[in-house]
Amino acid sequence: MKFLHIADVHLGCRRYNLDERTKDFARAWLDVVHAHAIGNRVDFVLICGDFFNARRVEPDAMNHAIAGLEALREAGIPVVAIEGNHDQHESDSVSRFSWMRSLSQWKFLKLLEPDTTDGFRLAPWDDEEKKGSYIDIAGARIFGTHWFGTSTNAAIPLLTDALRDARDDSHFQILMLHTDVEGQLNRPNIPALSVERMKELKGLVDYVALGHTHKRFEIDGWAFNPGSLEACSIDEHREERGVYLVEVDEARNIDARHLRDYTQRPFQRLSFDVSGAESPDAVREGVLEVVRREARAFDAEKDKGLAPIIEINLRGHLGFKNSLLDIPKMRSDAREATGALHVLVTNRSVPVEYAVAEGLDTEASRLVRERRIIEDLIARDTRFRDRAPQMAGLILEAKKFALEDKSPEEILKLIEEQLGDEAGAGADDPAKPYAVATATALQALERNATS
Ligand SMILES: [Mn+2]
(Lines give C-alpha, C1' and ligand atoms only; values in the text may rest on other atoms or scores of the structure.)
Protein backbone atom coordinates (compact mmCIF):
# COMPACT_ATOMS: atom_id res chain seq x y z
CA MET A 1 0.00 0.00 0.00
CA LYS A 2 1.25 3.45 -0.90
CA PHE A 3 -0.34 6.76 -0.01
CA LEU A 4 0.38 10.46 0.09
CA HIS A 5 -0.23 12.31 3.35
CA ILE A 6 -0.62 16.09 3.08
CA ALA A 7 -2.13 18.79 5.29
CA ASP A 8 -2.65 22.54 5.50
CA VAL A 9 -2.80 23.34 1.80
CA HIS A 10 -4.43 26.69 2.65
CA LEU A 11 -5.75 27.36 -0.86
CA GLY A 12 -6.83 30.98 -1.15
CA CYS A 13 -4.25 32.22 1.33
CA ARG A 14 -3.46 35.81 0.38
CA ARG A 15 -0.41 37.66 1.63
CA TYR A 16 1.01 41.12 0.97
CA ASN A 17 -2.07 41.78 -1.15
CA LEU A 18 -0.37 39.99 -4.06
CA ASP A 19 -2.22 37.77 -6.55
CA GLU A 20 1.06 36.00 -7.19
CA ARG A 21 1.32 34.96 -3.56
CA THR A 22 -2.18 33.45 -3.67
CA LYS A 23 -1.15 31.50 -6.76
CA ASP A 24 1.86 30.10 -4.89
CA PHE A 25 -0.45 27.97 -2.76
CA ALA A 26 -2.14 26.64 -5.91
CA ARG A 27 1.21 25.95 -7.59
CA ALA A 28 2.43 23.95 -4.61
CA TRP A 29 -0.84 21.98 -4.47
CA LEU A 30 -0.92 21.19 -8.19
CA ASP A 31 2.75 20.29 -8.27
CA VAL A 32 2.30 17.90 -5.35
CA VAL A 33 -0.75 16.33 -7.02
CA HIS A 34 1.04 15.70 -10.30
CA ALA A 35 4.60 14.95 -9.20
CA HIS A 36 4.00 13.07 -5.97
CA ALA A 37 0.48 11.61 -6.05
CA ILE A 38 -0.05 10.79 -9.73
CA GLY A 39 3.71 10.46 -10.38
CA ASN A 40 4.04 7.81 -7.68
CA ARG A 41 0.73 6.09 -8.52
CA VAL A 42 -0.37 6.15 -4.90
CA ASP A 43 -3.45 4.25 -3.73
CA PHE A 44 -4.99 7.30 -2.06
CA VAL A 45 -4.28 10.82 -0.85
CA LEU A 46 -5.00 12.05 2.70
CA ILE A 47 -5.68 15.76 3.32
CA CYS A 48 -5.55 16.33 7.08
CA GLY A 49 -7.43 19.60 7.38
CA ASP A 50 -7.13 23.23 6.23
CA PHE A 51 -7.41 22.38 2.55
CA PHE A 52 -8.78 25.90 2.22
CA ASN A 53 -7.47 28.94 4.02
CA ALA A 54 -10.93 30.17 4.93
CA ARG A 55 -14.39 28.77 5.37
CA ARG A 56 -15.66 31.28 2.84
CA VAL A 57 -13.82 30.06 -0.22
CA GLU A 58 -12.87 32.54 -2.95
CA PRO A 59 -13.75 31.50 -6.52
CA ASP A 60 -10.11 31.27 -7.60
CA ALA A 61 -9.28 29.06 -4.61
CA MET A 62 -12.14 26.74 -5.59
CA ASN A 63 -10.88 26.62 -9.18
CA HIS A 64 -7.42 25.67 -7.93
CA ALA A 65 -8.91 23.00 -5.66
CA ILE A 66 -10.99 21.47 -8.45
CA ALA A 67 -8.07 21.48 -10.91
CA GLY A 68 -6.06 19.23 -8.59
CA LEU A 69 -8.98 17.08 -7.43
CA GLU A 70 -10.10 16.50 -11.00
CA ALA A 71 -6.63 15.37 -12.04
CA LEU A 72 -6.63 12.89 -9.14
CA ARG A 73 -10.11 11.66 -10.02
CA GLU A 74 -9.06 11.09 -13.63
CA ALA A 75 -6.02 9.17 -12.40
CA GLY A 76 -8.35 7.02 -10.28
CA ILE A 77 -6.76 8.14 -7.01
CA PRO A 78 -9.29 8.63 -4.19
CA VAL A 79 -8.88 11.63 -1.89
CA VAL A 80 -9.84 11.37 1.78
CA ALA A 81 -10.12 14.58 3.76
CA ILE A 82 -11.08 16.00 7.13
CA GLU A 83 -11.98 19.55 8.04
CA GLY A 84 -9.48 21.78 9.83
CA ASN A 85 -10.09 24.87 11.90
CA HIS A 86 -9.79 27.03 8.77
CA ASP A 87 -12.32 25.23 6.60
CA GLN A 88 -14.71 23.81 9.16
CA HIS A 89 -18.44 24.34 9.01
CA GLU A 90 -19.74 26.72 11.66
CA SER A 91 -20.96 24.49 14.46
CA ASP A 92 -22.80 27.30 16.20
CA SER A 93 -24.58 28.67 13.14
CA VAL A 94 -27.80 27.56 11.51
CA SER A 95 -25.87 26.52 8.41
CA ARG A 96 -24.42 23.04 8.45
CA PHE A 97 -22.95 23.58 5.01
CA SER A 98 -19.28 23.69 4.20
CA TRP A 99 -17.43 23.61 0.89
CA MET A 100 -15.63 20.47 2.07
CA ARG A 101 -19.01 18.78 2.44
CA SER A 102 -20.03 19.99 -1.01
CA LEU A 103 -16.82 18.64 -2.55
CA SER A 104 -17.62 15.35 -0.88
CA GLN A 105 -21.17 15.39 -2.28
CA TRP A 106 -19.77 16.09 -5.76
CA LYS A 107 -17.47 13.06 -5.35
CA PHE A 108 -14.24 15.02 -5.62
CA LEU A 109 -13.21 13.70 -2.22
CA LYS A 110 -14.49 11.70 0.73
CA LEU A 111 -14.95 13.93 3.75
CA LEU A 112 -14.74 11.89 6.94
CA GLU A 113 -16.48 13.22 10.05
CA PRO A 114 -17.39 11.60 13.35
CA ASP A 115 -21.10 11.06 13.86
CA THR A 116 -22.14 13.26 16.77
CA THR A 117 -25.91 13.10 16.33
CA ASP A 118 -26.19 10.85 19.36
CA GLY A 119 -23.00 10.91 21.41
CA PHE A 120 -19.78 10.20 19.56
CA ARG A 121 -19.62 7.42 17.03
CA LEU A 122 -17.49 6.38 14.06
CA ALA A 123 -19.79 5.36 11.22
CA PRO A 124 -18.78 3.50 8.06
CA TRP A 125 -18.67 5.37 4.75
CA ASP A 126 -22.02 5.42 2.97
CA ASP A 127 -21.50 5.77 -0.77
CA GLU A 128 -25.15 6.74 -1.35
CA GLU A 129 -25.13 9.50 1.25
CA LYS A 130 -21.47 10.27 0.53
CA LYS A 131 -20.68 10.63 4.19
CA GLY A 132 -19.15 8.64 7.02
CA SER A 133 -16.39 8.51 9.61
CA TYR A 134 -14.20 5.81 8.14
CA ILE A 135 -13.55 4.15 4.83
CA ASP A 136 -11.59 1.13 3.60
CA ILE A 137 -9.19 1.63 0.72
CA ALA A 138 -6.34 -0.62 -0.46
CA GLY A 139 -6.13 -2.57 2.78
CA ALA A 140 -6.29 0.50 5.00
CA ARG A 141 -9.14 1.50 7.28
CA ILE A 142 -9.01 5.28 7.40
CA PHE A 143 -10.70 7.10 10.28
CA GLY A 144 -11.51 10.81 10.12
CA THR A 145 -12.13 13.25 12.93
CA HIS A 146 -12.81 16.96 12.95
CA TRP A 147 -11.21 19.92 14.66
CA PHE A 148 -11.88 19.55 18.38
CA GLY A 149 -10.51 22.97 19.33
CA THR A 150 -10.11 23.47 23.04
CA SER A 151 -11.66 20.10 23.87
CA THR A 152 -9.07 17.97 22.07
CA ASN A 153 -7.75 16.27 25.21
CA ALA A 154 -11.28 15.62 26.47
CA ALA A 155 -12.23 14.08 23.12
CA ILE A 156 -9.53 11.40 23.16
CA PRO A 157 -11.32 8.98 25.56
CA LEU A 158 -14.48 9.25 23.40
CA LEU A 159 -12.41 8.66 20.31
CA THR A 160 -10.61 5.71 21.90
CA ASP A 161 -13.93 4.04 22.77
CA ALA A 162 -15.34 4.66 19.31
CA LEU A 163 -12.17 3.33 17.68
CA ARG A 164 -12.36 0.14 19.73
CA ASP A 165 -15.82 -0.47 18.28
CA ALA A 166 -15.01 0.45 14.71
CA ARG A 167 -11.49 -0.82 14.10
CA ASP A 168 -10.77 -4.03 12.29
CA ASP A 169 -7.53 -5.93 12.73
CA SER A 170 -7.49 -7.20 9.18
CA HIS A 171 -6.78 -3.62 8.05
CA PHE A 172 -3.95 -1.15 8.52
CA GLN A 173 -5.58 1.49 10.77
CA ILE A 174 -5.03 5.14 9.91
CA LEU A 175 -6.40 7.98 12.06
CA MET A 176 -6.62 11.50 10.64
CA LEU A 177 -6.34 14.24 13.26
CA HIS A 178 -6.16 18.02 12.94
CA THR A 179 -4.46 19.21 16.11
CA ASP A 180 -1.33 20.65 17.66
CA VAL A 181 0.66 18.24 19.75
CA GLU A 182 2.38 19.41 22.91
CA GLY A 183 6.01 20.34 22.49
CA GLN A 184 5.62 21.38 18.83
CA LEU A 185 5.20 25.03 17.87
CA ASN A 186 2.22 25.48 20.16
CA ARG A 187 0.07 28.56 20.10
CA PRO A 188 -1.39 30.28 23.09
CA ASN A 189 -5.01 29.80 24.24
CA ILE A 190 -5.64 26.49 22.51
CA PRO A 191 -4.29 23.58 24.51
CA ALA A 192 -2.27 21.15 22.42
CA LEU A 193 -2.94 17.44 22.52
CA SER A 194 -0.72 15.93 25.20
CA VAL A 195 1.61 13.19 24.03
CA GLU A 196 0.44 11.02 26.92
CA ARG A 197 -3.19 11.38 25.83
CA MET A 198 -2.31 10.65 22.27
CA LYS A 199 -0.49 7.47 23.23
CA GLU A 200 -3.80 6.09 24.53
CA LEU A 201 -4.48 5.56 20.84
CA LYS A 202 -1.47 3.28 20.46
CA GLY A 203 -2.49 -0.29 19.94
CA LEU A 204 -5.67 0.92 18.26
CA VAL A 205 -4.08 2.84 15.39
CA ASP A 206 -1.12 1.99 13.16
CA TYR A 207 -0.55 5.42 11.64
CA VAL A 208 -1.68 8.80 12.99
CA ALA A 209 -1.97 11.27 10.10
CA LEU A 210 -1.68 14.72 11.61
CA GLY A 211 -2.30 18.22 10.31
CA HIS A 212 -2.55 21.73 11.77
CA THR A 213 1.03 22.51 12.87
CA HIS A 214 2.80 24.14 9.93
CA LYS A 215 6.05 22.34 10.66
CA ARG A 216 7.07 18.76 10.09
CA PHE A 217 7.43 16.43 13.05
CA GLU A 218 7.15 12.74 13.88
CA ILE A 219 6.47 10.85 17.08
CA ASP A 220 7.84 7.33 17.54
CA GLY A 221 7.61 6.46 13.84
CA TRP A 222 3.87 6.29 14.47
CA ALA A 223 2.40 9.80 14.34
CA PHE A 224 3.37 12.03 11.42
CA ASN A 225 2.82 15.71 10.70
CA PRO A 226 4.00 16.86 7.24
CA GLY A 227 3.74 20.64 7.80
CA SER A 228 1.92 23.06 5.52
CA LEU A 229 2.60 22.92 1.78
CA GLU A 230 3.65 26.56 1.65
CA ALA A 231 4.74 29.10 4.28
CA CYS A 232 1.61 30.89 5.48
CA SER A 233 3.66 33.64 7.09
CA ILE A 234 7.23 34.88 6.84
CA ASP A 235 7.91 33.40 10.28
CA GLU A 236 7.22 29.96 8.88
CA HIS A 237 9.69 30.20 6.03
CA ARG A 238 12.48 28.42 7.90
CA GLU A 239 10.29 25.56 9.14
CA GLU A 240 10.62 22.22 7.47
CA ARG A 241 7.46 21.41 5.52
CA GLY A 242 6.38 19.08 2.76
CA VAL A 243 4.40 15.90 2.17
CA TYR A 244 4.78 12.28 3.25
CA LEU A 245 4.96 9.51 0.72
CA VAL A 246 4.13 6.45 2.82
CA GLU A 247 4.68 2.82 1.91
CA VAL A 248 3.38 0.04 4.13
CA ASP A 249 4.57 -3.54 3.56
CA GLU A 250 2.85 -6.85 4.33
CA ALA A 251 4.29 -6.86 7.86
CA ARG A 252 2.85 -3.34 8.34
CA ASN A 253 6.26 -1.72 8.47
CA ILE A 254 5.94 1.97 7.74
CA ASP A 255 8.33 3.75 5.40
CA ALA A 256 7.37 7.44 5.47
CA ARG A 257 9.51 9.67 3.25
CA HIS A 258 9.18 13.41 3.71
CA LEU A 259 9.30 15.08 0.29
CA ARG A 260 10.01 18.74 -0.21
CA ASP A 261 10.85 18.91 -3.92
CA TYR A 262 7.94 20.80 -5.40
CA THR A 263 7.34 24.43 -6.36
CA GLN A 264 7.66 26.74 -3.41
CA ARG A 265 8.25 30.49 -3.25
CA PRO A 266 11.84 31.25 -2.20
CA PHE A 267 12.19 33.41 0.90
CA GLN A 268 15.20 35.26 2.20
CA ARG A 269 15.68 37.14 5.43
CA LEU A 270 18.41 39.78 5.75
CA SER A 271 19.30 42.07 8.56
CA PHE A 272 21.01 45.42 9.00
CA ASP A 273 22.28 46.89 12.25
CA VAL A 274 21.38 50.58 12.40
CA SER A 275 23.57 51.29 15.43
CA GLY A 276 25.87 54.22 14.76
CA ALA A 277 24.18 55.26 11.52
CA GLU A 278 24.11 59.03 11.68
CA SER A 279 21.19 59.81 9.42
CA PRO A 280 18.16 58.25 7.73
CA ASP A 281 20.15 58.32 4.48
CA ALA A 282 22.99 56.37 6.06
CA VAL A 283 20.50 53.67 7.10
CA ARG A 284 19.02 53.54 3.61
CA GLU A 285 22.46 53.26 2.01
CA GLY A 286 23.53 50.62 4.55
CA VAL A 287 20.44 48.54 3.82
CA LEU A 288 21.04 48.74 0.09
CA GLU A 289 24.64 47.62 0.61
CA VAL A 290 23.48 44.54 2.54
CA VAL A 291 20.96 43.79 -0.19
CA ARG A 292 23.61 44.08 -2.92
CA ARG A 293 26.05 41.92 -0.97
CA GLU A 294 23.77 39.23 0.48
CA ALA A 295 20.47 39.03 -1.36
CA ARG A 296 20.20 36.18 -3.77
CA ALA A 297 19.32 37.77 -7.07
CA PHE A 298 16.35 36.29 -8.88
CA ASP A 299 17.39 33.49 -11.20
CA ALA A 300 14.34 32.77 -13.37
CA GLU A 301 15.54 29.33 -14.41
CA LYS A 302 16.78 28.06 -11.08
CA ASP A 303 13.83 29.50 -9.17
CA LYS A 304 11.29 28.05 -11.64
CA GLY A 305 10.16 31.55 -12.49
CA LEU A 306 9.37 32.44 -8.86
CA ALA A 307 11.03 35.67 -7.75
CA PRO A 308 11.92 35.64 -4.04
CA ILE A 309 10.23 37.42 -1.17
CA ILE A 310 12.83 39.25 0.88
CA GLU A 311 12.46 40.45 4.42
CA ILE A 312 14.92 42.97 5.79
CA ASN A 313 15.11 43.38 9.55
CA LEU A 314 16.49 46.59 10.99
CA ARG A 315 18.21 45.81 14.29
CA GLY A 316 20.30 47.71 16.81
CA HIS A 317 20.00 51.19 18.29
CA LEU A 318 18.54 53.94 16.18
CA GLY A 319 19.94 57.39 16.89
CA PHE A 320 16.89 59.34 15.73
CA LYS A 321 13.13 59.07 15.47
CA ASN A 322 12.13 56.00 13.44
CA SER A 323 9.48 58.03 11.60
CA LEU A 324 12.39 59.61 9.70
CA LEU A 325 13.25 56.30 8.04
CA ASP A 326 12.13 56.17 4.43
CA ILE A 327 10.92 52.57 4.42
CA PRO A 328 9.07 52.73 1.06
CA LYS A 329 12.25 53.94 -0.62
CA MET A 330 14.29 51.13 0.97
CA ARG A 331 11.75 48.61 -0.31
CA SER A 332 11.73 49.94 -3.85
CA ASP A 333 15.56 50.15 -3.94
CA ALA A 334 15.82 46.55 -2.73
CA ARG A 335 13.24 45.34 -5.23
CA GLU A 336 15.06 47.05 -8.05
CA ALA A 337 18.41 45.56 -6.99
CA THR A 338 17.14 41.99 -6.69
CA GLY A 339 14.07 41.56 -8.88
CA ALA A 340 12.21 40.30 -5.79
CA LEU A 341 8.45 39.76 -5.94
CA HIS A 342 8.06 41.56 -2.64
CA VAL A 343 10.29 43.22 -0.07
CA LEU A 344 9.32 43.64 3.55
CA VAL A 345 11.22 45.97 5.83
CA THR A 346 10.58 45.41 9.50
CA ASN A 347 12.00 47.87 11.97
CA ARG A 348 13.05 46.01 15.09
CA SER A 349 15.57 48.65 16.17
CA VAL A 350 15.25 50.34 19.54
CA PRO A 351 15.99 53.97 20.37
CA VAL A 352 19.46 54.82 21.57
CA GLU A 353 19.47 54.99 25.34
CA TYR A 354 21.95 57.53 26.60
CA ALA A 355 22.42 57.77 30.29
CA VAL A 356 21.56 61.32 31.23
CA ALA A 357 23.97 63.12 33.55
CA GLU A 358 26.00 60.00 34.14
CA GLY A 359 28.86 60.45 36.61
CA LEU A 360 27.81 64.00 37.36
CA ASP A 361 29.36 65.45 40.50
CA THR A 362 26.49 65.76 42.98
CA GLU A 363 28.32 68.66 44.59
CA ALA A 364 28.22 70.60 41.32
CA SER A 365 26.16 73.74 41.25
CA ARG A 366 22.55 73.67 40.11
CA LEU A 367 23.46 75.55 36.94
CA VAL A 368 26.20 73.07 35.98
CA ARG A 369 23.87 70.12 36.60
CA GLU A 370 21.05 71.69 34.63
CA ARG A 371 23.29 72.44 31.66
CA ARG A 372 24.67 68.92 31.65
CA ILE A 373 21.20 67.30 31.75
CA ILE A 374 19.92 69.43 28.87
CA GLU A 375 23.07 68.72 26.86
CA ASP A 376 22.67 64.97 27.34
CA LEU A 377 19.01 65.08 26.35
CA ILE A 378 19.87 66.88 23.11
CA ALA A 379 22.82 64.54 22.37
CA ARG A 380 20.44 61.55 22.26
CA ASP A 381 19.50 62.66 18.79
CA THR A 382 22.40 61.87 16.45
CA ARG A 383 21.54 64.83 14.26
CA PHE A 384 22.20 67.39 17.03
CA ARG A 385 24.90 65.57 19.00
CA ASP A 386 27.77 67.73 17.77
CA ARG A 387 25.95 70.92 18.62
CA ALA A 388 24.60 69.84 22.00
CA PRO A 389 26.70 72.22 24.14
CA GLN A 390 25.74 75.30 22.08
CA MET A 391 22.09 74.30 22.01
CA ALA A 392 22.05 73.68 25.75
CA GLY A 393 23.51 77.16 26.25
CA LEU A 394 20.78 78.63 24.07
CA ILE A 395 18.05 76.81 25.96
CA LEU A 396 19.35 78.09 29.28
CA GLU A 397 19.49 81.58 27.92
CA ALA A 398 15.94 81.33 26.62
CA LYS A 399 14.87 80.07 30.01
CA LYS A 400 16.50 83.07 31.65
CA PHE A 401 14.59 85.38 29.29
CA ALA A 402 11.35 83.61 30.25
CA LEU A 403 12.04 83.99 33.98
CA GLU A 404 12.71 87.66 33.40
CA ASP A 405 9.23 87.90 31.88
CA LYS A 406 10.52 88.88 28.45
CA SER A 407 7.97 88.65 25.66
CA PRO A 408 7.62 85.49 23.51
CA GLU A 409 8.75 87.61 20.51
CA GLU A 410 12.01 88.45 22.22
CA ILE A 411 12.63 84.80 23.13
CA LEU A 412 11.88 83.69 19.57
CA LYS A 413 14.25 86.35 18.23
CA LEU A 414 17.03 85.03 20.47
CA ILE A 415 16.48 81.47 19.24
CA GLU A 416 16.29 82.56 15.63
CA GLU A 417 19.50 84.55 15.85
CA GLN A 418 21.56 81.81 17.42
CA LEU A 419 20.19 78.89 15.46
CA GLY A 420 20.22 80.90 12.24
CA ASP A 421 23.99 81.23 12.55
CA GLU A 422 24.45 77.51 13.04
CA ALA A 423 22.02 76.43 10.41
CA GLY A 424 23.81 78.52 7.82
CA ALA A 425 27.12 76.88 8.58
CA GLY A 426 27.55 73.88 6.35
CA ALA A 427 23.99 72.57 6.21
CA ASP A 428 22.69 71.46 2.82
CA ASP A 429 19.20 72.66 3.41
CA PRO A 430 19.33 75.61 5.81
CA ALA A 431 15.60 75.68 6.39
CA LYS A 432 15.22 72.07 7.54
CA PRO A 433 17.74 71.72 10.36
CA TYR A 434 16.78 75.21 11.46
CA ALA A 435 13.13 74.28 11.84
CA VAL A 436 13.87 70.95 13.48
CA ALA A 437 16.39 72.46 15.86
CA THR A 438 14.01 75.22 16.85
CA ALA A 439 11.28 72.74 17.56
CA THR A 440 13.63 70.57 19.59
CA ALA A 441 14.92 73.53 21.57
CA LEU A 442 11.41 74.72 22.34
CA GLN A 443 10.35 71.23 23.42
CA ALA A 444 13.31 70.98 25.76
CA LEU A 445 12.45 74.41 27.12
CA GLU A 446 8.90 73.33 27.76
CA ARG A 447 10.02 70.18 29.54
CA ASN A 448 12.36 72.22 31.66
CA ALA A 449 9.65 74.68 32.57
CA THR A 450 7.21 72.02 33.73
CA SER A 451 9.71 69.92 35.68
MN1 LIG B 1 -3.36 25.28 9.08
| When HIS214 is evaluated against the numbered criteria (1) within 14 Å of the ligand (Cβ to nearest atom); (2) surrounded by fewer than 18 Cβ atoms within 10 Å (Cβ to Cβ); (3) of a type outside the set (Asp, Glu), which criterion, by number, is the only one it fails? | (2)
| message | Looking at ALA340, ALA398 in this structure, which one is among the hydrophobic types (A, V, I, L, M, F, W, C), within 30 Å of ASP326 (Cβ to Cβ) and touching a helix residue (DSSP H, G or I) at 6+ places or on another chain (Cβ under 9 Å)? | response | ALA340
| Residues of the range 1-36 satisfying the condition of being more than 16 Å from the ligand (Cβ to nearest atom), in a helix (DSSP H, G or I) and crowded, with 24+ Cβ neighbours inside 10 Å | VAL33
| request: For the range 230-245, state whether one or more residues are away from the ligand (no atom under 13 Å from the Cβ), within 20 Å of THR160 (Cβ to Cβ) and in a strand (DSSP E or B). | output: no
| said: Just to be sure before I move on: is ARG41 among the basic types (Lys, Arg), part of a loop (DSSP other than H, G, I, E, B) and within 16 Å of the ligand (Cβ to nearest atom) in the structure I sent? | reply: no
| remark: Scanning the range 388-423 residue by residue, the ones that are open to solvent by less than 20 Å² (accessible area, probe 1.4 Å) and among the basic types (Lys, Arg) total 0
| query | Does the range 161-168 contain at least one residue that is open to solvent by less than 30 Å² (accessible area, probe 1.4 Å), assigned by TED's automatic domain parsing to the domain that holds HIS237, part of a loop (DSSP other than H, G, I, E, B) and out of contact with any Lys or Arg (no Cβ under 8 Å at 6 or more places or on another chain)? | reply | no
| request: Output the residues belonging to the range 101-127 that are touching a helix residue (DSSP H, G or I) at 6+ places or on another chain (Cβ under 6 Å) and in contact (Cβ under 8 Å) with a residue 60 or more places away in the chain. | output: LEU109
| field | Residues of the range 217-229 that turn out to be aliphatic (A, V, I, L, M) and either away from the ligand (no atom under 11 Å from the Cβ) or not in a loop (DSSP other than H, G, I, E, B) (or both), as a count | value | 2
| message | Return the residues of the range 21-32 that are in contact with a strand residue (DSSP E or B) (Cβ under 8 Å, 6 or more places away or on another chain) and not aromatic (Phe, Trp, Tyr); say none if nothing qualifies. | response | ARG21, ALA26, VAL32
| task | Those residues that are charged (D, E, K, R), open to solvent by less than 60 Å² (accessible area, probe 1.4 Å) and at pLDDT below 85, I need them from the range 56-100; list them, please. | result | ASP87
| Restricting the search to the range 368-387, which residues are closer than 16 Å to GLU353 by Cβ, of a type in the set (Val, Ile, Thr) and open to solvent by less than 50 Å² (accessible area, probe 1.4 Å)? | ILE378, THR382
| note | Counting only residues that are part of a strand (DSSP E or B) and away from the ligand (no atom under 16 Å from the Cβ), the range 44-92 contains a total of 4
| Every pair of residues 6+ apart whose Cβ atoms lie under 9 Å, when the first sits in the range 347-365 and is aromatic (Phe, Trp, Tyr) while the second is surrounded by 10 or more Cβ atoms within 10 Å (Cβ to Cβ) | TYR354/ASP376; TYR354/LEU377; TYR354/ALA379; TYR354/ARG380
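The values are calculated or read from the model by the stated rules, or taken from the named source; none is laboratory data. These numbers come from a predicted model, not from an experiment. Positions of Cβ are backbone-derived with ideal geometry, glycine not excepted, and every protein chain shown enters the neighbour counts. When the accessible area is computed, the model is the full protein with side chains, heavy atoms only, and any ligands, DNA or RNA have been set aside. Shrake-Rupley method; radii C 1.70, N 1.55, O 1.52, S 1.80 Å.
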